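One structure below.
The values are calculated or read from the model by the stated rules, or taken from the named source; none is laboratory data. Here the structure is a predicted model, which is why all the values come from computation and not from measurement. Here the Cβ positions follow ideal geometry from the backbone for every residue, glycine too, while neighbour counts run over all protein chains shown.
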């Protein structure tokens, strides 16, 4: 049986995008996205729980858009897949499972809380993505 590895996150950036360049000329843009959930506890008090998500953008075009337009506090919609990364550190084996955006079909949409200086008010990349419906 084939499986589906798809993640959708709608949240706010906890910090500006972090860009790392590789010696081979490639780069990765890392995002930290917060999602919050509000609920009432047993006593009826309003509570809020925040989850933090790591996103790694390997797609050159999406990385350029994130680097140029996203800032701390921007609301973002991310659609990608989970990819576990393993490595060795001083204490032994380490791993993390960020959401990965690479290749075709990955999406990044943003609605900044306030437009940055020089940023178009409603850039096309924020509102339109190719669809299969032909509309």
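Is there a residue in the range 78-89 that is surrounded by 11 or more Cβ atoms within 10 Å (Cβ to Cβ) and at pLDDT 90 or above? Looking through the range 78-89, none of the residues is surrounded by 11 or more Cβ atoms within 10 Å (Cβ to Cβ) and at pLDDT 90 or above.
Quick check on the range 68-81. Is at least one of its residues farther than 14 Å from residue 100 by Cβ, in contact with a helix residue (DSSP H, G or I) (Cβ under 9 Å, 6 or more places away or on another chain) and assigned to a strand (DSSP E or B)? Within the range 68-81, one or more residues are farther than 14 Å from residue 100 by Cβ, in contact with a helix residue (DSSP H, G or I) (Cβ under 9 Å, 6 or more places away or on another chain) and assigned to a strand (DSSP E or B). Checking the structure you have, find out if any residue of the range 101-118 is in a strand (DSSP E or B), within 17 Å of residue 20 (Cα to Cα), at pLDDT below 80 and touching a strand residue (DSSP E or B) at 6+ places or on another chain (Cβ under 7 Å). Yes: one or more hits.
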